[in-house]
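Visitor: Pasting a structure here, questions to come.
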Amino acid sequence: MQNSKTMQSEIGGYISTVIREHFGKGPTSVFVIVKPPFVIVHLRGFLSPTEKILLQKNEFRRVMEIRHLLIEELKPDICAAFSRASGEKVESIYSDWHLENQTGMLIGVMASRDAATEFDWQSDATQEALHDSVVEASRKAEKKPESTELFWLNDRTLLIERTGFLVEIERELIRNGLAEELKQVKRPLEKRLLLKETPFPELLKRDIREIFLDWEFSTDISYILVLLEPSRHS
């Protein structure tokens, strides 16, 4: 596996080029974290001229649909590029966008967890308390996940992995081809529940800058990426 800075540079350069080629405009900045088994890419200043026009006409859903279609088409290439840079096979990609902030995230997940690094706990809150607050939000949105794991990628980036959370009505919607519509409903709901109806924000004792969510319904796996503001006492 290459050193971290080389991997970050390769992945950042690749994503900037791909987005520029397919959207006509690249992001103003790309921040990359490689911490096996995860590759995290945070994009800033990303909104194409066409998307700006659509958003002025309140076509939020259409912009999200177009981005979803493009990312789905690009997933095999993105996985291959992440795999080359990291030296580990990246088998799945998750994505989410904050159009109002012109930001976005991509999460690559490696096939093997054998190369997983040690994840130090980087919060004053106990692991149990934070874990329970995430589970509570999930329970209110659908059901208690079969598994919930929290990974601190650095002191300002928390990644939450949940498996086994879909309820039967959601499975039926997915079988009927309504997976994207389900995501459009679940995103604001889950963010609201986590931020407003659990002690999660208070436990962190930090301001939350952004939350990104995505799901892979076929495997019943979901990721939540929480980006925090710098610590007030740092």
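Visitor: Scan segment 48-103 for trypsin sites (Lys or Arg not before Pro) in coil per DSSP, keeping those whose Cβ has at most 11 other Cβ atoms within 10 Å, and list them by number.
Guide: 57
Visitor: How big is the gap, in Å, between the Cα center of segment 207-229 and the Cα center of segment 9-43?
Guide: Using only Cα atoms to place each centre, the spacing works out to 17 Å.
Visitor: For 192, 156, write out the residues from largest to smallest accessible area, computed with a 1.4 angstrom probe and no ligands counted.
Guide: Accessible-area ranking of 192, 156, largest first: 192, 156.
Visitor: From the residues 28, 53, 42, which one has its Cα farthest along the dipole of the chain in the positive direction, the dipole being from +1 and -1 charges on Cβ of Lys/Arg and Asp/Glu about the Cα centre?
Guide: About the Cα centre, the residue reaching furthest to the positive side is 53.
Visitor: For segment 159-234, what are Rg and Dmax over the alpha carbons, in angstrom?
Guide: When restricted to the Cα atoms of segment 159-234, Rg and Dmax are 14.6, 50 Å.
Visitor: For segment 40-159, with every protein chain kept in place, what is the accessible area per residue (1.4 Å probe, Å²)?
Guide: I get 50 Å² per residue for this part.
Visitor: Choose one of 81, 167, 110: the residue whose Cα lies farthest towards the positive end of the charge dipole of segment 80-182 (beta-carbon charges +1 Lys, Arg; -1 Asp, Glu; about the Cα centre).
Guide: Going by the charge dipole, the pick is 81.
Visitor: How large is the helix-only mean residue ellipticity at 222 nm for the chain, computed as the sum of -39500 (n - 2.57) over DSSP H runs with n ≥ 4, divided by its residue count, in deg cm²/dmol to the nearest 500?
Guide: One gets -14000 deg cm²/dmol as the mean residue ellipticity at 222 nm.
Visitor: Also: In the chain, carbon and sulfur make up what percent of the accessible area (probe 1.4 Å)?
Guide: 50 percent
Visitor: What is the P(r) of the chain, as percent of Cα-Cα pairs per 10 Å bin from 0?
Guide: Cα pair-distance distribution for the chain, in percent: 7, 31, 37, 22, 2, 0.
The values are calculated or read from the model by the stated rules, or taken from the named source; none is laboratory data. Note that this is a predicted model, so its numbers are computed, not measured. Backbone-built Cβ (ideal geometry, glycine too); neighbour counts: all protein chains shown. Areas reflect the complete protein model, heavy atoms only, side chains present, ligands, DNA and RNA absent. Shrake-Rupley method; radii C 1.70, N 1.55, O 1.52, S 1.80 Å.
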